[in-house]
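Below is one structure, written out as structure tokens; comments come after it.
The values are calculated or read from the model by the stated rules, or taken from the named source; none is laboratory data. Everything numeric in this text was worked out from a predicted model, so none of it was measured. Here the Cβ is made from the backbone with ideal geometry for all residues, glycine too, and neighbour counts use every protein chain on show. All accessible areas refer to the heavy atoms of the entire protein, side chains included, with ligands and DNA or RNA removed. Shrake-Rupley method; radii C 1.70, N 1.55, O 1.52, S 1.80 Å.
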Amino acid sequence: MHLKKPELLAPAGNLTKLKIAINYGADAVYASVGAFSLRQRSAKEFSKDSFEAGVDYTHKKGKKFYATINGFPFNGQIENFKKHIKFLRDCKVDAFILATPGVMSLAKEIAPEIDVHLSTQANVMNYLDAKIYHQMGASRIVAAREMNLKDAIKIKELNPNLELEIFVHGSMCFAYSGRCLVSAIQSGRFSNRGSCANDCRFKYELYAKNSENGALFRLDEDEEGTHIMNAKDLNLSKHIEKIMQTNAIDSFKIEGRTKSEYYVACTTRAYRMAIDDAMNGKFDTKKYDIEIKTLKNRGFTDGYLVHKPYERDDTQNLTSSLEEGTHQVHAISEDGEVFKTKFKIIKDEPYEIMSPLKSEILNIDNEIGKIYKKDGKHLVEFKKLTTKTGKEFEEIHSGNIHEILLPARLPIYSFLRKEI
């Protein structure tokens, strides 16, 4: 069977995360700047200058850059929306990700040369809606997370020139593809305006009320309460080959612009492996599962795409909204020469090196430390912890801003991690 190789689309919450995504194998990134995205916090991490630098970096690497402008504007914001679209046009982004017909019309008027991708916020789940938006000018539909694979195949069959993009990993919404009102009611922050407070992740208590006397009886499973709305994280890594075999999906999207640098690196790396292995007939679900489980997570779900969702009790967490993964990230090296500590680094302790796929790591043993391979993993141990200026430490903890020398140059954006 001939497989069509889908694009791997990764989140770029800031310029550093963008570079990490590209170096770890993303074919494209999506990012935003300003107030018209559904992730205002990440949009604020880009200035106009760093955003332009990000587009330039992406294009120099031969990759694509999609700008998210999928907020829902009020009348008073339309003029600023027009200016924002002009700015993105001048940056030469490859596509706009937007959510409403009105914004689509503006984009086509101001920047007709730039592709339009319809956001998942538009909740397209059938071929009729897909056809209408395609006729309006959308070259790609980012399907609703609630859509199943059979419907995706049908949409592609009836709209062969329309690209289909699906989410394969990341946070799921308690409400219908991000239309949640819980945040607005409790925090005065509107999810579909980019300022969701993630109220569905909080711990809640349930009560039964006697309407005759007003008495409340608390209902709970244990003393910790329960996370009744806390949706698990989408994880389709084990289904990548099956999805690719349909040849219906053009782009696999990873959610997470507000998540950590390590999250971007790890998920991009895992799904890059999965896609490439499927193309080469070497698909191995265990390999990707091991990588994904190193991440902090809310438990995992297959979502709606492959089959109807069911409760995976082995990943259930009733005590907190977020649980640790199998590994702790201890450090990151952006330039490959020095590292900054994320947790702690102790002398004579082995730390696993996670680096971009196909990068070269050489064994070495010198006065600073040693790098060696064991059980298929590259490890580093430090004999001394020293800065470029010669300042030495017995151990380094998070919050320490010093850049510490590595025993030898590593691939850029390498991470040091350790099994918990």
Candidate aspartates and glutamates for bridging to LYS4, where Cα separation is under 16 Å - those fewer than 8 sequence places away on the same chain excluded: ASP27, GLU157, GLU163, GLU165, GLU241, ASP250, ASP276, ASP277
Charge-dipole axis of the chain as Lys and Arg at +1 and Asp and Glu at -1 on Cβ define it, positive-most pick from VAL93, ALA130, TYR271: VAL93
Solvent-accessible surface ranking, highest first, for TYR24, TYR57 at 1.4 angstrom: TYR57, TYR24
ASP302 accessible area, 1.4 Å probe, all protein chains in place, Å² to nearest 10: 10
Accessible-area order (highest first, 1.4 angstrom probe) of the listed residues SER211, SER355: SER211, SER355
For the chain, share of DSSP beta bridges that run antiparallel, in % to the nearest 5: 55
Nonlocal amide H pairs with THR294, under 5 Å, H built at 1.01 Å: THR326
CYS196, CYS91, ranked by accessible area, largest first (probe 1.4 Å): CYS196, CYS91
Relative contact order for the chain, counting Cα pairs under 8 Å that sit 6 or more residues apart, in percent: 15
Normalised contact order of region 13-134, rounded percent, pairs of Cα under 8 Å and 6 or more residues apart: 21
For region 244-313 versus region 90-129, the gap between their alpha-carbon centres in whole angstrom: 26
Nearest 10 degrees, 0 to 90: helix 101-110 Cα axis against the chain principal axis: 70
Dipole moment magnitude, nearest 20 debye, the chain about Cα centre, only Lys, Arg, Asp, Glu C-beta charged: 960
Between 0 and 90°, nearest 10: helix 261-279 axis offset from the chain longest Cα axis: 80
For the chain: accessible area per residue (Å², 1.4 Å): 47
Within the accessible area of the chain (1.4 Å probe), percent carbon and sulfur: 49
Which listed pairs, of LYS253/LYS340; LYS60/LYS347; LYS19/LYS238, have C-alpha distances above 31 Å, in listed order: LYS60/LYS347
Ranked by how many other beta carbons lie within 10 Å on average, peptides 384-395, 69-80, 277-288 from highest: 69-80, 277-288, 384-395
Accessible area of GLU109 in the full protein assembly, 1.4 Å probe (Å², nearest 10): 140
Helix-only [θ]222 nm of the chain, DSSP H runs n ≥ 4, -39500 (n - 2.57) each, per residue, nearest 500: -7500 deg cm²/dmol
Helix 78-91 vs. the chain, principal-axis angle (Cα, 0 to 90°, nearest 10): 50
Percent RCO, i.e. relative contact order, over region 48-198, from Cα pairs under 8 Å lying at least 6 residues apart: 17
